[in-house]
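The values are calculated or read from the model by the stated rules, or taken from the named source; none is laboratory data. Keep in mind that what you see is a predicted model, and the values were worked out from it rather than measured. Cβ sites come from the backbone with ideal geometry, for glycine too, and all protein chains shown count toward neighbours. With ligands, DNA and RNA removed, areas are computed over all heavy atoms of the protein, side chains included. Shrake-Rupley method; radii C 1.70, N 1.55, O 1.52, S 1.80 Å.
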Amino acid sequence: MKAIYPALAAVILLAGCASPAQKQQQTYVDNLSSCDKIQALMSAYDNQFDGLKMARTQSKFIDSWQARYHLVGDSCQISALHERTYAYSCQQTYADKDGALTIHQKASDFTRQCLGEGWYEQQKESENSLRTTFVKDDETPSVSIHTGKSLSRKTPWMTSYDIGKVKK
């Protein structure tokens with residue numbers, strides 16, 4: 001139990017280190033609607049999501065950044081999949097299928113509402129999977145919401161939310 005105290009103290013210390021400007025910016029982001037977030041992500045796609053990237057993580061295989069906006073869950077990221085191909089992705093796991101499908105439906109509803117006219121919506125469903133994809137044209141990134149089985153025993157269902165271009 002004593003081991004938790006140093007970690008808790010570090011979290012409190014780091015939280016106190018955020019500047020007033022950072023706190024004000026986070027408050028602004030927290031108050032954005034889902035539509036504001038989707039529009040910002042779509043607009044920023046051609047600039048590799050610049051302005052929406054936060055802390056960077058590099059590996060031998062991929063570069064990724066924490067995303068400023070979270071549409072599903074609270075750990076979205078932006079990844080450099082290729083030199084000029086970037087994607088925004090979120091994932092949240094759930095203990096049951098109903099919880100995952102509820103979030104899938106909610107995400108599909110606000111995406112449909114936010115994207116407006118001119119978008120083609122496609123839905124594919126099987127016993128253990130549901131995917132809703134929104135596509136406009138070859139130049140505009142697509143939006144894909146997927147619910148399916150995860151590898152976790154504790155939370156065997158997940159819903160993901162992705163924005164990016166499909167390679168042909």
Q: Name the single residue, out of those in the range 128-138 being over 22 Å from A67 (Cβ atoms) and open to solvent by 30 Å² or more (accessible area, probe 1.4 Å), that is modelled with the highest pLDDT.
A: S129
Q) In this structure, does K106 turn out to be assigned to a helix (DSSP H, G or I), modelled with pLDDT of 95 or more and open to solvent by 60 Å² or more (accessible area, probe 1.4 Å)? A) yes
Q | Single residue of the range 30-46 satisfying the filter (free of Cβ contacts under 8 Å to residues at least 24 places away in the same chain and not in a loop (DSSP other than H, G, I, E, B)) that is surrounded by the most Cβ atoms within 10 Å (Cβ to Cβ) | A | A44
Q | Subset of the range 147-168 [under 20 Å from R112 (Cα atoms), surrounded by fewer than 18 Cβ atoms within 10 Å (Cβ to Cβ) and at pLDDT 90 or above] | A | none
Q. Which one is least open to solvent (accessible area, probe 1.4 Å) among residues in the range 82-103 that are part of a helix (DSSP H, G or I) and among the hydrophobic types (A, V, I, L, M, F, W, C)?
A. A100
Q: Examine the range 47-66 for a residue that is farther than 23 Å from K106 by Cβ, part of a helix (DSSP H, G or I) and either open to solvent by less than 90 Å² (accessible area, probe 1.4 Å) or at pLDDT 90 or above (or both), and state whether such a residue exists.
A: yes
